[in-house]
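First the structure, then my questions, so here it is.
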Amino acid sequence: MVRRLFLSRFAQLAALPLALGGGSLRGQASHKTLKIMMKSAWGSDDPTKAAFPFLHGLALAEAGHEVQFFLLGEAVGLMRRTLANAVTPVGWPPVGETLDKLAAKHIPIYACGTCSRARGVTEADLNNYGAKFGNPTIFVSLVEWADRVITE
């Protein structure tokens, strides 16, 4: 009986957001704009994981949040247009298409300078997507700026 009462109360509580917000987070009246830093080190060795930060960052920007990216490790190689266009995650368009959308929205992307130089990524590569070289000082400033840091 106690279990049945608990499950009944749980079902009532679970239904509450549907009753109040129409079943959607978008239906909520208050929408706080967040500053979000997306950090990634995933590269072409795992196309789906490499794409997620860009796809999620784009979705967040389209929802009205401020987004900035910091790439390091293998992720900096995605600043090469030929590589970005060749990296195709399962079920999603090539990473290059998502990067083009981010660039069109002027969303800042920083690629670790040391990581980039070690992988032969040039300033011309970064210019494909309006990106800039990053460094530890920029990384710290983004962490301090952000309300949320998402590492994917």
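The values are calculated or read from the model by the stated rules, or taken from the named source; none is laboratory data. A quick note: this is a predicted structure, and the numbers were derived from the prediction, not measured. Here the Cβ positions follow ideal geometry from the backbone for every residue, glycine too, while neighbour counts run over all protein chains shown. The area values use the complete protein model at the heavy-atom level, side chains included, leaving out ligands, DNA and RNA. Shrake-Rupley method; radii C 1.70, N 1.55, O 1.52, S 1.80 Å.
Output the residue which, of all residues in the range 40-88 that are in a helix (DSSP H, G or I) and of a type in the set (Ser, Thr, Tyr), is least open to solvent (accessible area, probe 1.4 Å).
Checked the range 40-88; the qualifying residue least open to solvent (accessible area, probe 1.4 Å) is Thr48.
Need pairs with beta-carbon distance below 6 Å; first residue acidic (Asp, Glu) and within the range 119-133, second outside any strand (DSSP E or B); sequence gap 6+ or separate chains.
Close Cβ pairs satisfying both conditions: Asp125/Met79; Asp125/Arg80.
Quick check on my filter: what residues within the range 93-118 are among the hydroxyl-bearing types (Ser, Thr, Tyr) and in a helix (DSSP H, G or I)?
Thr98, Thr114, Ser116
Could you tell me which residue of the range 131-152 is nearest to the chain's Cα centre (by Cα), considering only residues that are assigned to a loop (DSSP other than H, G, I, E, B) and surrounded by fewer than 17 Cβ atoms within 10 Å (Cβ to Cβ)?
Among those residues, the one meeting the criterion is Asp147.
Do the conditions hold for Gly91, that is, is it without any contact (Cβ under 8 Å) to a residue 60 or more places away in the chain, open to solvent by less than 50 Å² (accessible area, probe 1.4 Å) and closer than 18 Å to Lys49 by Cα?
no
Take the range 106-116 and flag every residue that is surrounded by 13 or more Cβ atoms within 10 Å (Cβ to Cβ) and of a type outside the set (Gly, Ala, Ser).
Of everything in the range 106-116, those that are surrounded by 13 or more Cβ atoms within 10 Å (Cβ to Cβ) and of a type outside the set (Gly, Ala, Ser) turn out to be Ile107, Pro108, Ile109, Tyr110, Cys112, Thr114, Cys115.
Residue under question is Val121, and the condition is that it be out of contact with any Leu (no Cβ under 7 Å at 6 or more places or on another chain), assigned to a loop (DSSP other than H, G, I, E, B) and open to solvent by 60 Å² or more (accessible area, probe 1.4 Å); does it hold?
Spelling it out, it is not the case that Val121 is out of contact with any Leu (no Cβ under 7 Å at 6 or more places or on another chain), assigned to a loop (DSSP other than H, G, I, E, B) and open to solvent by 60 Å² or more (accessible area, probe 1.4 Å).
Something else about it: So Lys32 ticks every box in (1) at pLDDT below 95; (2) closer than 18 Å to Thr151 by Cα but one. Which box is left unticked?
Failed condition: (2).
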